[in-house]
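Undergrad: Below you will find the structure I want to go over with you.
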Amino acid sequence: METIVAISTAVGTGGIGIIRMSGKQCFEILEKIFKPKKEQKIEEIKGYTIKYGHIVNYQTEEKIDEVLVSYFKAPKSYTTEDMCEINSHGGTVVVQTILEQCLMAGARLAMPGEFTQKAFLNGRIDLSQAEGIIDLINSKTQKEAEASFKQLEGVLSKKIQEIRKDILNVMADIEASIDYPEYDIEEVSNEKAKKELEQIRDKLKALENSFHTGKLLKEGIRTVIIGTPNSGKSSLLNAILNEERAIVSNIEGTTRDTIEEMVNLDGIPLKLIDTAGIRNTENEIEKIGVEKALKLLEEADLTIAIFDNTKPLEREDREIIELIKDKKTIILLNKIDKKEIKPENELELQKLNKPILKISAKTKEGLEELYKQIIKMFHLEEIELNDGSLITNIRHKEQIRKALKSILEGEKGIDSKIPIDLIEIALKDALEALSEITGENVSEDIINEIFSKFCLGK
């Protein structure tokens, strides 16, 4: 197999840069460009050790940088191959120059995620653990990072393997009833298989149901702020972010496009989207903004409808009331710092049977109550990561759904008194679906698609 190399640290100025190399010729290539302070044969160098020296020009032996090189010997490395990591000074020029020397000495530039792909293909990790790595890298909150790390550790894999083992046990009982019909054990096998399939179904259902929480951890709560012009949408966004992110003006229609920002709420990403004020307008640009706001409203997990509580509800306000009737919504009565409050607004909005909070986006009064309401509405305080059996990946959810469907077909087959050997077909389908999660039975296209999402050097 070819020896691959890539820069593993982020592009830009930094204290150190890391160039990672893996493959059969790794140490042979390294010897051409690395001059250690103390010369040693590669056979004498132990794995998990670091040597100090200089990277030199492959052809002229001119010194390029002072470095530390980490040695990892097969099979005890990230890829299970011979591997090294060159720790150089940071900066684009230095690490790029060292990378070029590695390429000139015989290595090939790695594809995105190719180091992790080698770890998967060589059996060090399964496919769900590999996906846990990219999720960990892309984590936006501590809770998401914890969930991703548990997946990387193999918690989900163990859960899947347990369920697969349960299915195989049922299949073994079915095989026994087929191979030894003279013992007349089919009825006993049917009863036992039914009970075991019910238990398997419950385990799969629990995993499938966990996707709702997992999706919140990974993608966050898509929250659209909606209101009429000058109701305080942009001021609310700025107050939550604690910075002047959106332009605030007394001129109506200032916000004409959407502004999206992410904040951390109790370990869950809250994706806030400030939209154009809802009103009838002749301005073509503002009209596009209003149409975009209405489209985002359809896709939102949560709507924050904000009303100016110093003015009576007008026609545009009532249009918003119609829009949010069937949406998961928190209603905010804004500008409580003003004297001209309209108590009749609250009385009318109470008819919607939705949470109503009084706030001042200007003074930030009431923001803590808003956070508490969101936590309560999405049961964020109940999210526990103790056992780690949390589905955050849509691919995993789809395979669990397929396995669950097959198990239900098996249960129906037993109830319908069909020959027990036919039940085995449904169970094999369930096994196949679960095997795609861990990668024991997965197409090359899926593997390539997953690893293409990784960054270079990982």
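Undergrad: Mind telling me which of the residues S389, S406 ends up being closer than 30 Å to E449 by Cβ, of a type in the set (S, T, Y) and either assigned to a helix (DSSP H, G or I) or free of Cβ contacts under 8 Å to residues at least 12 places away in the same chain (or both)?
TA: Among S389, S406, only S406 is closer than 30 Å to E449 by Cβ, of a type in the set (S, T, Y) and either assigned to a helix (DSSP H, G or I) or free of Cβ contacts under 8 Å to residues at least 12 places away in the same chain (or both).
Undergrad: For L456, are the conditions met, namely being more than 15 Å from I167 (Cα to Cα) and in contact with a strand residue (DSSP E or B) (Cβ under 7 Å, 6 or more places away or on another chain)?
TA: yes
Undergrad: Criterion first (crowded, with 16+ Cβ neighbours inside 10 Å, under 15 Å from G457 (Cα atoms) and among the hydrophobic types (A, V, I, L, M, F, W, C)) does F72 satisfy it?
TA: no
Undergrad: May I ask you to say which residue of Q96, Q59 is among the polar types (S, T, N, Q) and touching a residue at least 60 places away in the same chain (Cβ under 8 Å)?
TA: Exactly one residue qualifies, and that residue is Q96.
Undergrad: Name the residue that is surrounded by the fewest Cβ atoms within 10 Å (Cβ to Cβ), counting only residues in segment 315-352 that are in contact (Cβ under 8 Å) with a residue 40 or more places away in the chain and farther than 24 Å from E368 by Cα.
TA: By that ranking, first place goes to E319.
Undergrad: Can you name the strands (runs of 3 or more DSSP E) wholly within segment 36-95 that have at least 2 residues being within 33 Å of the chain's Cα centre (by Cα)?
TA: Counting at least 2 such residues, we get 63-72, 83-89.
Undergrad: Select from segment 82-131 the residues that are under 30 Å from N393 (Cβ atoms), β-branched (V, I, T) and in contact with a strand residue (DSSP E or B) (Cβ under 7 Å, 6 or more places away or on another chain) and list them in ascending order.
TA: Residues satisfying the conditions do not exist here.
Undergrad: Now a separate question. Among the residues of segment 120-156, write down those that are touching a residue at least 60 places away in the same chain (Cβ under 8 Å), polar (S, T, N, Q), touching a Gly at 6+ places or on another chain (Cβ under 6 Å) and part of a helix (DSSP H, G or I).
TA: Listed by number, the residues that qualify are Q142, S148, Q151.
Undergrad: Any idea which residue in segment 337-363 is nearest to S128 (Cα to Cα), counting only those that are at pLDDT 90 or above and charged (D, E, K, R)?
TA: K354
Undergrad: In the list K159, K165, which residue meets the criterion of being surrounded by fewer than 17 Cβ atoms within 10 Å (Cβ to Cβ), out of contact with any Asp or Glu (no Cβ under 6 Å at 6 or more places or on another chain) and either modelled with pLDDT of 90 or more or outside any helix (DSSP H, G or I) (or both)?
TA: On inspection, the qualifying residue turns out to be K165.
Undergrad: Just to check your reading of the model, which residue among L204, L216, L297 is at pLDDT 85 or above and in a helix (DSSP H, G or I)?
TA: Exactly one of L204, L216, L297 is at pLDDT 85 or above and in a helix (DSSP H, G or I), namely L204.
The values are calculated or read from the model by the stated rules, or taken from the named source; none is laboratory data. A quick note: this is a predicted structure, and the numbers were derived from the prediction, not measured. Reconstructed Cβ throughout: ideal geometry from the backbone, glycine too, with neighbour counts over all protein chains shown.
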